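The structure under discussion appears below in the form of structure tokens.
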Amino acid sequence: MDPVNKITSRTVVLPLDDVDTDQIIPARFLRTTVREGIGENLFADWRYQKDGSQRVDFILNQPSAQGAEILVAGRNFGCGSSREHAPWALLDQGFRAVISTEIADIFSNNSLKNGLLPVIVDSKTHQWLLDNPNIELTLDVENKQLTLPDGKTVSFPIENFSRYCLLNGVDQLGFLMEFTEVISEFEAQTR
Amino acid sequence: MSGKSLFDKVWDMHIVASETEDVPAILYIDLHLVHEVTSPQAFDALRTRGLTVRRPDLTLATMDHSTPTVPINSLQELKVISEPEAFEQIIQMEKNCEDFGLKLRGFDSDERGIVHVIGPELGATQPGKTIVCGDSHTSTHGALGALAFGIGTTEVCHVLATQCLLQRKPKTFAVNLVGQLQPGVTAKDIILAIIGEIGVDGGTGHAIEYRGEAASRLSIEERMTICNMAIEGGARTGMFAPDDTTFEYIAGRPLAPSGTAWDTSLSNWRLLPSCDDAKFDKEATLNISELKPMITFGTNPGMVIPVDGVIPTPSATDTGFAKALDYMQLEAGQPLAGTPVDIVFIGSCTNSRLSDLRAAASLFKGRKVADGVRALVVPGSAKVKRDAEAENLPAIFQAAGAEWREPGCSMCLAMNGDFVPAGKLAVSTSNRNFEGRQGKGARTVLASPLTAAASAINGVVSDPRPFI
Ligand code: SF4
């Protein structure tokens, strides 16, 4: 995983609450054994018409969304299944962070492991972000803060270990493997 | 200091290294369930790094999600039936299991089935175990007093390589069940009502323990239905305290302990239930005596009403609600009962066990599926299928005009050839009514097997109670 520290980008706003992983990437696209190219199917059922052409009314298809790396989403984003294909698809499409008042547990976990930053903000900030789409924000992992266009900052929580891993591009499996002996001892004692 | 909860006890027993402010706990995993959809990239990562599976003996592999539910006698037949990518995934699973020395409950196995059905059925799911799978409905196994939760593919790789996970301890949530179910009301209705009450994010960050005298009266299969959908309330997992009902269920199953090992296990298991003075971070109570059969009307499992209720009116600011009703082609203020049904699906890891099939059969017996309705009954595993056949249930389904299929996830998630066509309305015993979950444009009403069967017979969304 590449280190993640500062993300500066325009936002794209998807204001719906409870966007589930079946919307982020429908199950029929999980019949893949690789990770590449998965972004094409991000929000597939909202993005494309029956004939495969893009739906102009869907936010991600609008010119303002092109190149945006920060998704401002409604409450409880990413609920539903454990499919890691959901953060993979967002990343593959160019997103690097999701902001909401609440992000589902497994999705959040999966995102952090892939360098997609889940950002939880208070409802006032959230509402402001929803009301002001397409603005430039800076997310700072090191200082756990978000900078609004007027320079005002808002802090966001991020679990210490995840923050450390993001900042240093730490591979968590490598970290776990260092405990191999401790794991063997645990197995010997308890089993 | 207050006493420990069931969750605390199981958690504490599996700590390889304690959590600190800077590092999560390293949690040991007793059982890892693996299936074809969320594992290929994990096995690839092992290959890239030259790693092996640390404990093949604690890894249980099967195929369920992309596998078709029509009879398959050869790979050639499978290839013809499946879409190329699904076929590739199945072949890849076989190869991965072979390469890494895992026993696969594959097509030729009489122990094959949906992961969450076969774990308990084989006796692999036991009280006090930590169980994970690359699937959010792993919470099902909590019915037997295990700490079981879903993980992503990166974590699947972690467990394959180290048998451990880096985890922060979730909070605890006690859901107290009191009262007595009325005839025609089931465990599915309990969990739908709970989600309706707490909301689809009510359990976020929490492990639920279902408690109270009503909880202890439920059968293991009923408990599984309830734990299965803990995730739909946002919770990491759901659990029931193990008791004599649990022990009776496990005894004699193929992977259950036997002889003196059984006695040792039993005495350990008896220590697991929460202490009387255990404290929970959150509590809720549901009186199940007042419960009616429940059905969903929207596009998440929290959008639920009693079968004889009307669809609520959204507040003007709730765009999601309006969008959901628009997708469902339903109107606020109207009853949902009486709406014409196109498909009835009885199956999935929520409701595909023998007791579910018996319940459905009790309604189908001597009756017919309404004209124009397609009804499918899909057993959760090869064993459920055999057991149902031994009781002649398929004959009842077929005489009623319902299809009797091979085991698998089937129409629960529409990636194996079984799906609900766009715009069609399905009454389904599965766990998710998300937009497109059962097929692009599919409209899903979640319900119990009884409600599903009643709806198949009447051809419209129906209250099962008049049939009881
Ligand atoms: S039956 Fe449905 S919910 Fe259960 S494991 Fe299969 S796809 Fe997932």
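Sorting B:S216, B:S39 on solvent-accessible area from highest to lowest, probe radius 1.4 Å, gives B:S216, B:S39. Partner shielding of B:22-30 amounts to 3, given as the average count of beta-carbon atoms from other chains within 10 Å of each residue beta-carbon.
Summary of the geometry: the range A:116-184 and the range A:1-68, compared by the centres of their Cα atoms, lie 20 Å apart.
Longer than 18 Å from Cα to Cα, which of A:K124/B:K323; A:K113/B:K95; B:K169/B:K282; B:K95/B:K385; A:K124/B:K169; B:K292/B:K323 are they? Say none if no pair is. Long pairs (Cα-Cα over 18 Å): A:K124/B:K323; A:K113/B:K95; B:K95/B:K385; A:K124/B:K169; B:K292/B:K323. Using C-alpha pairs below 8 Å separated by at least 6 residues, the relative contact order for chain B is 18 percent. Shown here for the range A:70-157: trypsin sites (Lys or Arg not before Pro) in loop regions (DSSP other than H, G, I, E, B) with at most 16 other Cβ atoms within 10 Å, namely A:K144, A:K152. Taking a ≥ b ≥ c as the square roots of the eigenvalues of the Cα gyration tensor of chain A, is the shape rounded (a/c under 1.5), prolate (a/b larger than b/c) or oblate? Because a/c hits 1.5 or more and a/b fails to exceed b/c, chain A counts as oblate. Subtracting the Cα-Cα distance of B:S216 and B:K103 from 0.36 nm times their residue separation leaves 37.2 nm of extension gain. Taking every DSSP bridge with both residues inside the protein assembly as shown, close to 30 percent are antiparallel.
Rolling a 1.4 Å probe across all protein chains gives B:M13 an accessible area of roughly 100 Å².
About its Cα centre, the dipole of the protein assembly as shown is roughly 760 debye, where the only charges are +1 on Lys and Arg Cβ and -1 on Asp and Glu Cβ. Inter-label distance, B:E21 to A:D131: 3.7 nm, where each label sits 7 Å from its Cα along the C-beta direction.
Sorting A:162-173, B:322-333 by their mean Cβ neighbour count within 10 Å, with the most densely packed peptide first, gives A:162-173, B:322-333. Subtracting the Cα-Cα distance of A:K124 and A:D150 from 0.36 nm times their residue separation leaves 7.8 nm of extension gain. Using R0 = 45 Å, the C-beta based FRET efficiency linking B:I81 and A:T138 works out to 0.30.
For the residues of B:164-171, the average number of beta carbons from a partner chain within 10 Å of their own beta carbon is 3.
For the range B:345-468, a crude dipole built from +1 on the beta carbon of Lys and Arg and -1 on the beta carbon of Asp and Glu, taken about the Cα centre, is about 100 debye to the nearest 20.
Once the GluC sites (Glu not before Pro) in DSSP loops with at most 14 neighbouring Cβ atoms within 10 Å are cut out of chain A, the longest remaining piece is A:37-141.
Model label points for A:F58 and B:A399, set 7 angstrom from Cα along the Cα-to-Cβ axis, are 4.8 nm apart.
With contacts taken as Cα pairs under 8 Å at a separation of at least 6 residues, the range B:75-142 carries a relative contact order of 17 percent. In this simple spin-label approximation, A:K6 and A:V34 carry label points 7 Å from Cα along the Cα→Cβ vector, and these lie 3.6 nm apart. Of the whole protein surface, B:R358 contributes about 110 Å² of accessible area at a 1.4 Å probe radius. Once you reduce the range B:35-59 and the range B:282-336 to the center of their Cα atoms, the two points are 41 Å from each other. Calculated on the alpha-carbon coordinates, the convex hull of the protein assembly as shown measures out at 150 cubic angstrom per residue. Counting Lys and Arg as +1 and Asp and Glu as -1, each charge on the Cβ, what is the dipole of the range B:113-200 about the Cα centre in debye, to the nearest 20? I would put it at about 280 debye. Averaging the sequence gap over all C-alpha pairs within less than 8 Å and six or more residues apart, then dividing by the number of residues, gives the range B:295-467 a relative contact order of 29 percent.
Here is how the number arises for chain B: DSSP H runs of 4 or more residues each give -39500 (n - 2.57), the sum is divided by the residue count, and the result at 222 nm is -9000 deg cm²/dmol.
The values are calculated or read from the model by the stated rules, or taken from the named source; none is laboratory data. Note that the structure is a prediction, hence the values are computed from the model and not measured. Positions of Cβ are backbone-derived with ideal geometry, glycine not excepted, and every protein chain shown enters the neighbour counts. Just so you know, the surface numbers come from the protein's heavy atoms only, side chains and all, with ligands and any DNA or RNA stripped out. Shrake-Rupley method; radii C 1.70, N 1.55, O 1.52, S 1.80 Å.
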